[in-house]
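Enquirer: Got a structure for you, written out below as structure tokens; questions coming shortly.
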Amino acid sequence: MRAMSAGPPPDDGGARRGRPSRLDRAAVLRGAAEVILERGLERTRYVDIATASRVPTSTLQHAFGTLGSLCAQALELKVREELAALSAPREGQASTPAERLTAIIAGMFGPDGDRAPWLMWLELWRGAAHDNALRERAGDAFGAWIAMVAAVIEDGRGAGDFSADLSAEEFAIALFGLAAGMAFPLVAAVDRAAHTRAVRVATTATFAMLRP
């Protein structure tokens, strides 16, 4: 990731002047994540985040330190919020292991035309290849995703609904690889037909591997 250059601080690009009495870190991080998804990690600058969050660059630098640290925290927050949304029970939806797993697979791809879930993972892993802070956060987020899916697999096995030669953790890793292989091409273009097909294929293949 690009190091911050020395010299005078950049123009705040319309950010709110004056130091706020209390910084909403979560709101800043969510705004930063949106900037990263729009511009890409390499092209994201402090001034872009300052403009999006309406917080002066100097305040952001004081609160988060390096740009790399801010971006790492932003991507981790968004991924973890996505994991929380995937694992949360939906109102009016039964909670059998099969239904929970179906909802997780659908949620991994997001609504039709929404590239954000996989763009977040893509930027996180791309950054992790070159940045130690991102590498650690990506590993933690991936571990949390695996644990979430493995728990559902274990529940299904306990209920007699699922059966597989792999352990629950290994199956979760295989599911992530299956979904990622179909999802990453979707980030290049919004294609509703391809999106619908990816969800259907991932769901069908997953349950074919879990037949008792």
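Enquirer: Any chance you could count how many residues in region 129-143 are surrounded by fewer than 15 Cβ atoms within 10 Å (Cβ to Cβ), within 23 Å of L101 (Cβ to Cβ) and of a type in the set (G, A, S)? Please lay out each step first, then the result.
Expert: Residues of region 129-143 surrounded by fewer than 15 Cβ atoms within 10 Å (Cβ to Cβ): 129-130, 132, 136, 139-140, 143.
Then drop every residue that is not within 23 Å of L101 (Cβ to Cβ), which leaves 140, 143.
Now drop any that are not of a type in the set (G, A, S), which leaves 143.
Adding up the residues that qualify gives 1.
Enquirer: Which one is surrounded by the most Cβ atoms within 10 Å (Cβ to Cβ), of the residues in region 105-117 that are small (G, A, S) and part of a loop (DSSP other than H, G, I, E, B)? Show your work before the answer.
Expert: Quick first cut of region 105-117, residues small (G, A, S) only: 106-107, 110, 113, 116.
Still in the list and also part of a loop (DSSP other than H, G, I, E, B): 110, 113.
Working: G110: 18, G113: 11.
The qualifying residue surrounded by the most Cβ atoms within 10 Å (Cβ to Cβ) is G110.
Enquirer: Follow-up question, since we're still on this one. What helices (runs of 4 or more DSSP H), lying completely within region 22-101, carry at least 3 residues that are free of Cβ contacts under 8 Å to residues at least 60 places away in the same chain and among the β-branched types (V, I, T)? Let's see the steps before the verdict.
Expert: Details: elements: 25-39, 46-53, 57-64, 67-87.
Answer list for region 22-101: 46-53.
Enquirer: Check whether at least one residue in region 118-128 is over 18 Å from M209 (Cα atoms), without any contact (Cβ under 8 Å) to a residue 60 or more places away in the chain and surrounded by fewer than 14 Cβ atoms within 10 Å (Cβ to Cβ), and report yes or no.
Expert: No, region 118-128 contains no residue that is over 18 Å from M209 (Cα atoms), without any contact (Cβ under 8 Å) to a residue 60 or more places away in the chain and surrounded by fewer than 14 Cβ atoms within 10 Å (Cβ to Cβ).
Enquirer: While we're looking at this one, here's another question. In region 161-206, which residues are aromatic (F, W, Y) and crowded, with 16+ Cβ neighbours inside 10 Å?
Expert: Of the residues in region 161-206, the ones aromatic (F, W, Y) are 162, 171, 176, 184.
F162, F171, F176, listed by residue number.
Enquirer: Among the numbered criteria (1) at pLDDT 95 or above; (2) buried (at least 21 other Cβ atoms within 10 Å of the Cβ); (3) farther than 29 Å from D191 by Cβ, which one does S53 miss?
Expert: Here S53 meets the rest and fails (1).
Enquirer: Let me ask something else about it. Determine if region 147-156 includes at least one residue that is under 29 Å from S69 (Cβ atoms) and either of a type in the set (F, W, Y) or surrounded by fewer than 16 Cβ atoms within 10 Å (Cβ to Cβ) (or both).
Expert: Checked region 147-156: at least one residue is under 29 Å from S69 (Cβ atoms) and either of a type in the set (F, W, Y) or surrounded by fewer than 16 Cβ atoms within 10 Å (Cβ to Cβ) (or both).
Enquirer: Ok, one more. Please pick out the residue among F109, F142 that is at pLDDT 90 or above and under 13 Å from the mean Cα position of the chain (by Cα). Before the answer, list the steps.
Expert: Numbers: F109 fails: at pLDDT 90 or above.
That would be F142, the only listed residue that is at pLDDT 90 or above and under 13 Å from the mean Cα position of the chain (by Cα).
Enquirer: Let me ask something additional. Got at least one residue in region 89-101 being within 22 Å of E38 (Cβ to Cβ), of a type in the set (S, T, N, Q) and modelled with pLDDT of 90 or more? If you could, list the steps in order and put the result at the bottom.
Expert: Initial filter on region 89-101 (within 22 Å of E38 (Cβ to Cβ)): none.
Within region 89-101 (the criterion being within 22 Å of E38 (Cβ to Cβ), of a type in the set (S, T, N, Q) and modelled with pLDDT of 90 or more), the answer is no, since none of the residues qualifies.
Enquirer: Moving on to the next point. Go over the candidates R135, R126, R157 one by one and state the one that is among the charged types (D, E, K, R), out of contact with any helix residue (DSSP H, G or I) (no Cβ under 8 Å at 6 or more places or on another chain) and part of a helix (DSSP H, G or I). Lay out the reasoning, then the answer.
Expert: Details: R135 fails: out of contact with any helix residue (DSSP H, G or I) (no Cβ under 8 Å at 6 or more places or on another chain); R157 fails: out of contact with any helix residue (DSSP H, G or I) (no Cβ under 8 Å at 6 or more places or on another chain).
So the residue among R135, R126, R157 that is among the charged types (D, E, K, R), out of contact with any helix residue (DSSP H, G or I) (no Cβ under 8 Å at 6 or more places or on another chain) and part of a helix (DSSP H, G or I) is R126.
The values are calculated or read from the model by the stated rules, or taken from the named source; none is laboratory data. Since the structure is predicted, the reported quantities are computational estimates derived from the model, not experimental observations. Reconstructed Cβ throughout: ideal geometry from the backbone, glycine too, with neighbour counts over all protein chains shown.
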